[in-house]
Amino acid sequence: MKRNGIAVAGNMIVDVLYPILGIPKPGELTTITEGISRSSGGALCNVIVDLAKLDPALPLTALGRVGTDSEGDYVLDKLGAQTNIDITRVRREGLTSFTAVMADTVTKQRTFFHYRGANARFCEADVDWDALNVKLLHIGYILLLDALDEPDEVYGTRMARLLHTAQSHGIKTSIDVVSEAGDRFGRIVPPALRYTDYCVINELEAQASTGIPLRNESGELILANVPEALKKLKQLGVSTWAVIHCPEGGYGLDEDGNYVAIESLPLSKEQIKGTVGAGDAFCSGVLYGAYRNQSLKEAIELACAAAACSLSESGASEGMRTAAEAMELYRELRK
């Protein structure tokens, strides 16, 4: 059976974005400015829409859960607007997951307050493996899908079991992790990495997953440690590409152990309208490169271009362009 297309599974969220004038300390007040907006979000929504825009001819399948509420209608309408996304396998039950995104207009940083909702119950039983005729499955976020984060006596976690099942059906696997305060990384992430072909995570998630520090006390990237963190991810089981992204750039180890480092595109403060979804945009670029059998260097270049497109608008995917247009932007900004 010839496999075609990409399935994206996991978190389907409504993001409500609140522009604020700084993050307040406990007991203090900050101002919410004009510009409150609503958008679909989460690993599934952001990545699949980005992929749909990078290549409008690419067959895409959404696998997840939304509620039977108006927010669920909203999410499915947003995905359904892209004609190459199949939303028929999304299950509806309960209340849709949502996140209040506090976007600091001064520092451009964002803080998330999340209600897990329907996403918490997404599980392997929601996937019809016999009918899933795709080449690649991306799922995120580990640590934010409660049913899949539960322990499994054979594979370590139910997420690891799902990834193993995908690989046993001849489907390549990709994972993403949510940035979270706490000590769950060492328990929940490594089992999944044993059944992961492509790992695309940010520097804080990589630091928590590997135990290798990637930012110093001043918040500066410890660039010399990045290759070691990537090697550790591969040692933990990532079979093909281990990739770390951060504001400074994208870094990876390919299937032959070659190290790739690509600096982020130079954007002025005026060109950056918002950072929500930039990491998912980067991920979509890597996935598309993997799907098209590009080299890791080519994939990370596209990923940096996709992230720059995302940064150009306040929403997660509004700024995304086709892969050809994104690479045209890449070449223009690299002059």
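The values are calculated or read from the model by the stated rules, or taken from the named source; none is laboratory data. Just so it is clear, the structure is predicted and the values come from calculations on it, not from any experiment. In this analysis, Cβ positions are derived from the backbone assuming ideal geometry, glycine residues included, and neighbour counts consider all displayed protein chains.
Residue-by-condition table, conditions (1) under 24 Å from residue 202 (Cα atoms); (2) among the charged types (D, E, K, R):
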site: 8; (1), (2): yes, no
site: 26; (1), (2): no, no
site: 30; (1), (2): no, no
site: 49; (1), (2): yes, no
site: 63; (1), (2): yes, no
site: 68; (1), (2): no, no
site: 75; (1), (2): no, no
site: 85; (1), (2): no, no
site: 92; (1), (2): no, yes
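Kindly indicate which of 30, 61 is in contact with a strand residue (DSSP E or B) (Cβ under 6 Å, 6 or more places away or on another chain), within 30 Å of residue 137 (Cβ to Cβ), polar (S, T, N, Q) and surrounded by 12 or more Cβ atoms within 10 Å (Cβ to Cβ).
When all the criteria are applied, what remains is 61.
Taking the residues in segment 213-238 that are surrounded by fewer than 19 Cβ atoms within 10 Å (Cβ to Cβ) and aliphatic (A, V, I, L, M) as candidates, determine which candidate is nearest to residue 293 (Cα to Cα).
The qualifying residue nearest to residue 293 (Cα to Cα) is 236.
Select from segment 157-175 the residues that are in a helix (DSSP H, G or I) and more than 12 Å from residue 123 (Cα to Cα) and list them in ascending order.
164, 165, 166, 167, 168
Take residues that are of a type outside the set (Gly, Ala, Ser) and within 19 Å of residue 313 (Cα to Cα) and tell me which of the strands (runs of 3 or more DSSP E) falling wholly in segment 1-111 contain 3 or more.
Per the criteria, 13-20, 97-104.
Out of all the residues in segment 1-14, is one or more surrounded by fewer than 24 Cβ atoms within 10 Å (Cβ to Cβ) and under 26 Å from residue 311 (Cβ atoms)?
No, segment 1-14 contains no residue that is surrounded by fewer than 24 Cβ atoms within 10 Å (Cβ to Cβ) and under 26 Å from residue 311 (Cβ atoms).
A quick yes/no check of all residues on (1) closer than 30 Å to residue 70 by Cβ; (2) of a type outside the set (A, V, I, L, M); (3) at pLDDT below 95:
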| site | (1), (2), (3) |
| --- | --- |
| 118 | yes, no, no |
| 132 | yes, no, no |
| 145 | yes, no, no |
| 152 | no, yes, no |
| 171 | no, no, no |
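If I filter segment 112-130 down to residues being in contact (Cβ under 8 Å) with a residue 24 or more places away in the chain and assigned to a helix (DSSP H, G or I), which single residue comes out as surrounded by the most Cβ atoms within 10 Å (Cβ to Cβ)?
119
Is there any pair linking a residue in segment 253-268 that is loosely packed, with under 15 Cβ neighbours inside 10 Å to one that is of a type in the set (A, V, I, L, M), with Cβ under 7 Å and at least six apart or on different chains, and which?
Note: pairs meeting the criteria are 259/253; 266/333; 267/308; 267/311.
Can you report the number of residues in segment 281-317 which are touching a residue at least 60 places away in the same chain (Cβ under 8 Å) and not aliphatic (A, V, I, L, M)?
10
For residue 168, are the conditions met, namely being among the hydroxyl-bearing types (Ser, Thr, Tyr) and without any contact (Cβ under 8 Å) to a residue 12 or more places away in the chain?
yes
Being loosely packed, with under 13 Cβ neighbours inside 10 Å and either acidic (Asp, Glu) or within 27 Å of residue 284 (Cβ to Cβ) (or both) is the filter here; which residues of segment 33-58 pass it?
The answer is 34, 35, 36, 56, 57.
Is it the case that some residue within segment 197-211 is modelled with pLDDT under 95, crowded, with 18+ Cβ neighbours inside 10 Å, closer than 20 Å to residue 296 by Cβ and out of contact with any helix residue (DSSP H, G or I) (no Cβ under 7 Å at 6 or more places or on another chain)?
Yes, that holds for at least one residue.
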